[in-house]
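Reviewing the structure listed below.
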Amino acid sequence: MLAEHFAHPSERDVAALLSLYGIAWMYEPVEFPLAVDESGQVTRAFRPDFYLPDLHAFVEVTVLEQRLVTRKNRKVREFRERYPGVAIEVLYRRQIVALLERHGLAVHTAGESSAA
């Protein structure tokens, strides 16, 4: 069930955890428009990292430095306002690391600092 390519090592970690718990997942299957211009073209969008079809929920992973986490949290807040009926949960580095350590799995999230 693991995809060949993830944008960040932390996403591979989360995929491994989801699989370990027997949770079905899809990687970045849907992009949600957040803003469109006058001609209807999408100018800003949000693509949550995982969709959990059995739970009808999305998961966004972040292990970014605080200034970038703030920007990502703003985007998630905007997503929730625009799509109030769609469940989304944000997983932060400390939560991912704690779960990995609990199961004796390698941690690949350290030092990650990619943009949101």
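The values are calculated or read from the model by the stated rules, or taken from the named source; none is laboratory data. Worth saying up front: this structure is predicted, and the values here are computed from it rather than measured. Note that we place each Cβ from the backbone using ideal geometry, even for glycine, and neighbour counts take in every protein chain shown.
Within the range 52-103, which residues are in a loop (DSSP other than H, G, I, E, B) and farther than 22 Å from A35 by Cα?
P53, D54, L55, H56, V63, L64, E65, H103
Farther than 21 Å from R102 by Cβ and among the basic types (K, R): does that describe R12?
The answer is no for R12.
For the range 70-92, enumerate the residues that are β-branched (V, I, T), under 28 Å from V107 (Cβ atoms) and touching a residue at least 24 places away in the same chain (Cβ under 8 Å).
V76, I88, V90, listed by residue number.
Condition first: at pLDDT 90 or above and more than 23 Å from A15 (Cβ to Cβ). Now tell me which residues in the range 41-73 satisfy that.
The answer is Q41, V42, T43, R44.
Does S10 meet the test of being among the small types (G, A, S), in a helix (DSSP H, G or I) and within 19 Å of Y92 (Cβ to Cβ)?
Spelling it out, S10 is indeed among the small types (G, A, S), in a helix (DSSP H, G or I) and within 19 Å of Y92 (Cβ to Cβ).
Which condition number in (1) more than 20 Å from L20 (Cβ to Cβ); (2) at pLDDT 85 or above; (3) within 13 Å of the chain's Cα centre (by Cα) is the one that R82 fails?
(3)
Return the residues of the range 18-56 that are among the acidic types (D, E), more than 19 Å from Q95 (Cβ to Cβ) and touching a residue at least 12 places away in the same chain (Cβ under 8 Å); say none if nothing qualifies.
Matches in the range 18-56: E28, E31, D54.
Residue check: is A87 at pLDDT 90 or above and surrounded by 11 or more Cβ atoms within 10 Å (Cβ to Cβ)? Steps first, please.
Values: at pLDDT 90 or above: yes; surrounded by 11 or more Cβ atoms within 10 Å (Cβ to Cβ): yes.
Taking the combined requirement at face value, the residue satisfies it.
From the set of residues in the range 23-51 that are assigned to a loop (DSSP other than H, G, I, E, B) and hydrophobic (A, V, I, L, M, F, W, C), which is nearest to F79 (Cα to Cα)?
Among those residues, the one meeting the criterion is V30.
For the list (1) touching a Phe, Trp or Tyr at 6+ places or on another chain (Cβ under 8 Å); (2) surrounded by fewer than 17 Cβ atoms within 10 Å (Cβ to Cβ); (3) over 17 Å from L18 (Cβ atoms), I need the number of the one condition that V76 fails.
(2)
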